[in-house]
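Novice: One structure coming up, written as structure tokens, with questions to follow.
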Amino acid sequence: MPTNSNWYEKELIEEFTTIINHSFPQVGQLLKRCHVKLIQSFWGQQSVHFLPYIAIYCPNEIIAAVKAQISVFREVAKYVGVVEVVCLNATCLLHDPMSKIKQDNPRLWLELYWIVTQEKGQVV
């Protein structure tokens, strides 16, 4: 059974992507080649201030196109109650020799590997 934070993350990302797909279909096509993840950060002396943001991990060949739509992503994120959206180059993260993603978060590493190795015309 998923934990409350996993449920919350899944629901929020699903709502975010659904709104993008319905309201901005061309931008939604870009997201199909990306991995969208809710990052849960805490701020404050006792870590009581919850500041979620959305990370969009993109293959190198579409990062510029995704970044060009950042205002759309931020508008929708604000609507669903998320404070920020950032775009990250998944290709660079996978090829960074200092990256510890594979050891620290193998599932994320596999998700990134999947999106980076997909052919441009093939979206699943």
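Novice: Suppose each label sits 7 Å from its Cα in the direction of the beta carbon; what would the Ser99-Ala68 distance come out to in nanometres?
Specialist: 2.4
Novice: Right, next: Cβ under 15 Å from Ile39's Cβ, Ile39 left aside: what net charge do those residues give with Lys, Arg +1 and Asp, Glu -1?
Specialist: Value of the local net charge: 0.
Novice: Moving on. Taking the simple approach of a point 7 Å from Cα along Cα-to-Cβ for both Ser41 and Asn21, what is their distance in nm?
Specialist: 2.8
Novice: Enter the accessible area of Lys102 (Å², nearest 10), with the probe set to 1.4 Å and all protein chains included.
Specialist: Rounded to the nearest 10, that gives 110 Å².
The values are calculated or read from the model by the stated rules, or taken from the named source; none is laboratory data. Fair warning: this is a prediction, and the values are worked out from it, not measured in the lab. Positions of Cβ are generated from backbone atoms using ideal geometry, with glycine treated the same way; all protein chains shown enter the neighbour counts. Note: areas computed on protein heavy atoms with side chains; ligands, DNA, RNA excluded. Shrake-Rupley method; radii C 1.70, N 1.55, O 1.52, S 1.80 Å.
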